[in-house]
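Since the structure comes first, as structure tokens, the remarks are kept for the end.
Each reported figure results from applying straightforward, stated rules to the coordinates on display, with no laboratory input. No experiment lies behind these values; they were computed from the predicted model shown. Methodologically, a virtual Cβ is constructed for each residue, glycine included, from the backbone with ideal geometry; neighbour enumeration extends over all protein chains shown.
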Amino acid sequence: MTLDIERLGRRAEAMLDELAAISEEPDRLTRRFLTPEHKRAAHLVGRWMQEAGMVAAEDALGTVRGHYARDGEPEGANRVPRLLIGSHIDTVLNAGKYDGMLGVVAGILAVEHFRDQNQRFPFAVDVLAFGDEEGSRFPTVLSSSAATAGAFDTAWLKGVDRDGISLEKAMADYGLDTAAVGTAALTQEEALAYVEVHIEQGPVLEHGDLPLGVVTSIAGQNRTRVNVRGVAGHAGTVPMTLRQDAYLAAAEMALAAEAIAKAHPDDAMVATVGTIKVMPGAVNVIPDHVEFVLDLRAASDAPRAKALKQFIAKAEAIAAARGCSMTHDTYHDCPTAACAPWLQDGLTQSLDSLGLKAPKLVSGAGHDGQSMAKITDFAMLFVRCKGGISHNPAEFATVGDMGLAVAALIKFVEGFDPAKRG
Ligand code: GLV
Ligand code: MN
Ligand code: MN
């Protein structure tokens, strides 16, 4: 049958608008993991899943999972092999409305289409809405998909947010049982494959005048917390040559990270210091303590590991030269994850069936597929976004491109054959 691309795109846009209205802040979109707003968004998504013909439930990490039964599946059957379609409903601070949410909405709309067409498959289809892809609240990243993949580290429960609330406490407040984390895990037999639709978050597709693209791999990533300690003093009386200013040491470290990343253009290395706390935080006091996080990414793992070592050595030298000390802790180290060729082929064929080119591209952004790769093969379909802008309220994808993405996902599921797994 012919798919109504425009209608699918409009439906996606309306759902994204509804989700974007659920925010912790009145004038901008911020929805962090395990906040009351996360819960409201999760309930809305669960309702949509049910309306689309799925049985919806929340797992031990609050991930909403909609289950579309396979052909002939008895009610309440366990361990049914399933194709997983997912993305996330948490956001960065001051976010756009597409990052993550588009993938969840695309999965729901695809299943709604199958229900409307009375289509069942020899495998079940689960749509997953993860809650901790961005790592905007706790010093964890991808913790909800890690739980789905059976790779949740209980040490993460002790990590605290900016208000000193631990992940353990936030889970309890949300109504989740930390002792039940293990129940969120899917087995390798259940998880046939994981596929995610996501905005590109970069300019490549727009530059090539292409609506959709097939991802080949996701860049690896470290997040390293650095604490620099100096000596506090009076901003008016201590001469510049006699200061042990922790902020200036941190600033020089951030510039060192920039220089290291710039020296590795072939590895697509990027370094970002996007969060920094300057203490005691008074206008007339020389800072004695600074904490920042270095986010370091590259297309392959060995140069990234080497660059991190180089950064630490350089940062220690900078601290020493300024009479400061430093400590560091890499709380996230995620290797580069390759998308499975047989699933990339499946996406390519689905784009082909829609008369679209299927350009291949690497993702510099992190995604839940990095967790899911621990239990199953995964693939990603990227959607063109305006100006390549993301993590910014100006994020934008057209109705037409979103409709094509949902149509491509529908075609992908229809052509999905687990027997093609290597
Ligand atoms: C998530 O968007 C990340 O790549 O940081
Ligand atoms: Mn995302
Ligand atoms: Mn993001």
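The table for this structure:
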read-out	value
Scan of the stretch 87-130 for residues that are hydrophobic (A, V, I, L, M, F, W, C), within 16 Å of ligand 1 (Cβ to nearest atom) and free of Cβ contacts under 8 Å to residues at least 60 places away in the same chain, ordered by number	104
Long-range neighbours under 9 Å by Cβ, at least six apart or interchain, first residue on the phi < 0 side of the Ramachandran plot within the stretch 186-202, second within 12 Å of ligand 1 (Cβ to nearest atom) and acidic (Asp, Glu)	194/368; 196/368; 198/99; 199/99; 199/395
Qualifying residues in the stretch 166-200 (those that are among the hydrophobic types (A, V, I, L, M, F, W, C) and loosely packed, with under 15 Cβ neighbours inside 10 Å) - the one farthest from residue 384 (Cα to Cα)	179
Selection status of residue 255, surrounded by fewer than 16 Cβ atoms within 10 Å (Cβ to Cβ) and away from ligand 1 (no atom under 16 Å from the Cβ)	yes
Subset of the stretch 382-407 (residues that are within 16 Å of ligand 3 (Cβ to nearest atom) and closer than 18 Å to residue 344 by Cβ)	382, 383
Lone unmet requirement of (1) within 16 Å of ligand 1 (Cβ to nearest atom); (2) of a type in the set (A, V, I, L, M); (3) under 20 Å from residue 402 (Cα atoms) for residue 84	(1)
Neighbours by Cβ (under 6 Å, 6+ apart or cross-chain): first from the stretch 213-241, within 17 Å of residue 304 (Cβ to Cβ); second aliphatic (A, V, I, L, M) and not in a strand (DSSP E or B)	219/299; 222/308
Residues (of a type in the set (D, E, K, R), in contact with a helix residue (DSSP H, G or I) (Cβ under 8 Å, 6 or more places away or on another chain) and under 19 Å from residue 406 (Cα atoms)) located in the stretch 5-27	6, 7, 10, 11, 13, 18
